[in-house]
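Laboratory data are not the source of any read-out in this text; all were calculated from the coordinates shown. Not measured: the values here are computed from a predicted model. No Cβ is skipped: glycine too gets one built from the backbone with ideal geometry, and neighbour counts run over all protein chains shown.
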């Protein structure tokens, strides 16, 4: 069983740029929105720190944030949440693979995109591993 971080926040409606700022931060972290108001990430040192920073920023914006750590009691529900995380990153990996097949692929740009997606790949997608191997092969590196 995994531990999960649950994040709930409220930011004043004006200015709307603050709400957009928080939403973008959550998306960049790869958090998933669960039941309209609860954002979820797997619990680890990095994600805990990121949510703590975001809570501090929300407080500075005159908002409120609550952060919980929890575990799901039903294993099938946990698998469903993990699949949600994988379904966020796998289309991005597929795009990278598709672009890698092009003759004039920009390997520097694709490597950078891979690194960005990898930051949100909390459950080490098999497709992500394939992308890594293909990127290394295209660059003439080994897979180790």
Value of relative contact order over the chain, rounded to a whole percent, pairs C-alpha under 8 Å and six or more apart
26 percent
Length gained when the stretch residue 24-residue 45 is fully extended (0.36 nm per residue, less Cα-Cα span)
5.5 nm
Measure off 7 Å from each Cα along the Cα-to-Cβ vector at residue 98 and residue 138, then give the distance between these two points in nanometres to one decimal.
1.4 nm
Any chance you could give the angle, 0 to 90 degrees and rounded to 10, that helix 16-29 forms with the longest Cα principal axis of the chain?
50 degrees
Degrees separating the helix 75-100 axis from the principal Cα axis of the chain, which is the longest one:
40 degrees
Assuming R0 = 30 Å, what is the FRET efficiency of residue 77 and residue 116, from their Cβ-Cβ distance, to the nearest 0.05?
0.55
Would you mind computing, in nm to one decimal, how far apart the modelled labels at residue 70 and residue 56 are, each placed 7 Å from Cα along Cα→Cβ?
2.6 nm
Hey, what angle do you get for helix 107-118 against the long axis of the chain, alpha-carbon based, 0 to 90 degrees rounded to 10?
40 degrees
Dividing the helical contributions, -39500 (n - 2.57) per DSSP H run of n ≥ 4, by the residues of the chain yields a 222 nm value, nearest 500 deg cm²/dmol, of -19000 deg cm²/dmol
At q = 0.17 1/Å the base-10 log of I(q)/I(0) from the Debye formula over the alpha-carbon atoms of region 56-111 is -0.78
Can you pull the one-decimal nm distance between simple spin-label points at residue 130 and residue 1, each 7 Å off the Cα toward Cβ?
3.4 nm
Among 54, 6, 136, rank each residue by its count of other Cβ atoms within 10 Å, from fewest to most, as a rough exposure measure.
136, 6, 54
